[in-house]
Amino acid sequence: MQTVTSQVNVSAASDIIGALQNILAQSQLIMLDLETPYSQPKLPSTNYFAIELKDHSISDIVAERQQQLDAISAEISSFETARSGIRDLQRQLLKQKKKITKSINLHNRLRSALWRLPTEILSHIFHLCLPDVPGFNTLKPPSQLTAPMLLTRICRRWREVAIGVPSLWRRLSVTVVDSHWQRAAFCYDSYLKRSQGLPLSLALECSKDHSTKIRSLLQPYINQISSLSINCPQAQGLPDQPELLLKDLPVLQELCIGHNNAAFMRLLSQLPSTLRSLKFPATWFGPWLPFHLTAVWVHLTQVEIYVDGQNTFLYLFRLCPNLYSLTTAMASHEIRALRPFTHTKLQHLCIRGSVVFKNPLSGVFGALSLPNLRAFSVCSPSTWPHEEFKAFLTRSKCPLQSLFVCTGSGMLTAEQRAEYYALVHPSKVSQSKAS
């Protein structure tokens, strides 16, 4: 019915336009002769108010001109009415043209295989469009220029599919800006609702009095938060109520607290037993580190923490019997005798450096055994303790698959690499010289 109606409307418009064109082609305005003796630019000095023409008086001329003016005015008014109607007709035709063009584009798209993809395949493609981030603590704020927000702006079907895939909306970075927080909070909430109850990975950047605002935003989603990163820029000050950010997170599994984290250390005791990963990147902790929170440490499988001293380093292994991966560094001013310790579950160990007066790795390698170690990476400006490391590998009997050494004492020799291969047959032994 819409197609028939459209054809009738276009046909009627064509008839009107054709009739107007014919009328204009056949019409010619007849110019009136308005000349009289009184129309001369310069009149003789005669009293024309008392003179009459042979056939007409001046009054008759004025009356005739008034009739002519009225007739022309009426025709102009009729023309303006007709022109207004033509403009309306033109607008209707332009609107119809736009609809027809849109319909053509829509049906042309439907001929493409892309627009006939099943929803499941399209959803998988959408997941591949998500920004690639190394970890939830490096999430960027949502943008209309990147997925998933971008996917909702392509067409109606893409928007419906994207909004209907909860896993696209599981990761979010939240930044509090006081000047437009109300609008931002509405957008964040709309984003989180689309997750439809799935576990959430959130990165929060806050300071000052932002704790209450963030807690209010996240309260409906507390039972979904499984990964949480909190960063408080040093220049902006500590949150006023940091406990609000860590309170009642029953399914939390990963926690990363960035710079300026002193306010959160006293709150670790309220973390749930579900926590498996705890990270304090680029932050050094002294002897006041709350190792007494055994209930938290005992469940951890992944830790990133920089510690003071070899004893503290080894004690971390004792606190975390289920530790699978450790990223750390040591600050050591002296070498002490260390009690031997074997950790049977650690598979990945990364030592990013050490601040030392003596070589702390020598003592560590002499005391620690890691029989399940598969990947070991170390970057240290200290002298590389080759013999101690050999003893460590021999004692551990670990199935090492990857070894990276960045040493301040020079490059590993071919003989050293051969000895490591002979002990554990690692698939890769890399080395470079520290700058």
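Spin-label pair Q219-L117: with each label point 7 Å from Cα along the Cα-Cβ axis, the two points sit 4.1 nm from one another. Extension gain for the segment T283 to S190, taken as residue separation times 0.36 nm less the Cα-Cα distance, is 30.0 nm to one decimal. Largest first, the residues T301, T283 sort by 1.4 Å accessible area into T301, T283. Evaluated at q = 0.12, 0.14 Å⁻¹, a Debye calculation over the C-alpha positions of the range 116-220 (equal weights, vacuum) places log10 I(q)/I(0) at -0.42, -0.57. Stretching R65 away from V133 to a fully extended chain increases their span by 16.0 nm, per 0.36 nm per residue minus the current alpha-carbon distance. Translational diffusion of the range 77-131 was estimated from the Stokes-Einstein equation, with Rh taken as the Kirkwood radius over Cα pairs; at 25 °C and 0.890 mPa s the coefficient is 164 µm²/s. Taking every protein chain into account, the 1.4 Å probe leaves R109 with about 90 Å² of accessible area, to the nearest ten.
Work out the FRET efficiency for S57 and R83 from their Cβ-Cβ distance, taking R0 = 25 Å, and round it to the nearest 0.05.
0.05
Taking the alpha carbon gyration tensor of the range 61-160, multiplying each eigenvalue by 5 and rooting it gives semi-axes of 62, 19, 6 Å, largest first. Starting from the Cα of L198, move 7 Å in the Cα-to-Cβ direction to define the label point; list residues of the range 112-136 whose amide nitrogen is under 19 Å from there. Hits in the range 112-136 for L198 at 19 Å: 118-136.
The values are calculated or read from the model by the stated rules, or taken from the named source; none is laboratory data. Note that this is a predicted model, so its numbers are computed, not measured. Here Cβ is always computed from backbone atoms with ideal geometry, including for glycine, and neighbour counts include all displayed protein chains. With ligands, DNA and RNA removed, areas are computed over all heavy atoms of the protein, side chains included. Shrake-Rupley method; radii C 1.70, N 1.55, O 1.52, S 1.80 Å.
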